[in-house]
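Visitor: Sharing a structure here in structure tokens format.
Throughout, read-outs are computed from the coordinates displayed, never taken from laboratory work. If you're wondering where the values come from, they're calculated on a predicted model, not measured in any experiment. Cβ sites come from the backbone with ideal geometry, for glycine too, and all protein chains shown count toward neighbours.
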Amino acid sequence: MGTIHIPVGEAERDLRDLLGRVRAGEDIVIDDGSPTPVRLAPATLPVERRTIEETIARLEAREKELGHPLRMGADFADDLEEIIDNRKPRDTSEWD
């Protein structure tokens with residue numbers, strides 16, 4: 001795929017579509033007329049993995065730093081229920 005140049009106004013109107021196109025492999029440059037246009041590219045970030053013990057230790061350290069226990073937001077239960085209600089079955093068709 002080639003590089004696609006689009007004006008900043010078009011990028012503002014349809015960012016979600018642009019993100020999907022970049023994830024699909026398109027090279028997109030957003031041009032606002034400045035000498036340094038912006039190129040959208042997928043990020044390759046390392047996946048940070050922690051054990052439960054490490055996670056608990058980090059939470060306890062944060063509580064100590066803040067001086068009070070951490071609490072889930074009031075809407076957490078509603079959000080979790082919505083996630084559970086809308087989950088799809090796991091697709092294992094490509095597993096070995």
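Visitor: What list do you get for 68, 5 if you sort them by fewest beta carbons within 10 Å?
Guide: 68, 5
Visitor: Along the Cα-to-C-beta direction of residue 10, a point sits 7 Å from the Cα; which residues of the range 25-49 have their amide N less than 15 Å from that point?
Guide: Taking a point 7 Å out along Cα→Cβ of residue 10, the residues of the range 25-49 whose backbone N falls under 15 Å are 26-33, 38-40.
Visitor: Turning to a different aspect of this structure: Once you have the Cα-Cα distance between residue 63 and residue 44, take 0.36 nm times their residue separation minus that, and quote the gain in nm to one decimal.
Guide: Result for the pair: 3.7 nm of gain on full extension.
Visitor: Could you tell me which label, among (1) -0.95; (2) -0.79; (3) -0.53, carries the value of log10 I(q)/I(0) by the Debye sum over Cα atoms at q = 0.14 Å⁻¹ calculated for this structure?
Guide: (1)
Visitor: On to the next question. Karplus couplings for the range 72-84 from phi (6.51 cos²θ - 1.76 cosθ + 1.60, θ = phi - 60°), rounded to Hz, Gly and Pro as x?
Guide: Going residue by residue, I get 6, x, 4, 8, 4, 4, 5, 4, 5, 4, 5, 4, 5 Hz, with x marking Gly and Pro.
Visitor: What ranking do 31-43, 9-21 get when scored by the average of other Cβ atoms within 10 Å per residue, highest first?
Guide: Order by mean packing, descending: 9-21, 31-43.
Visitor: Can you give the relative contact order of the chain as a percent, counting alpha carbon pairs under 8 Å and 6+ residues apart?
Guide: Computed over the chain, the figure is 18 percent.
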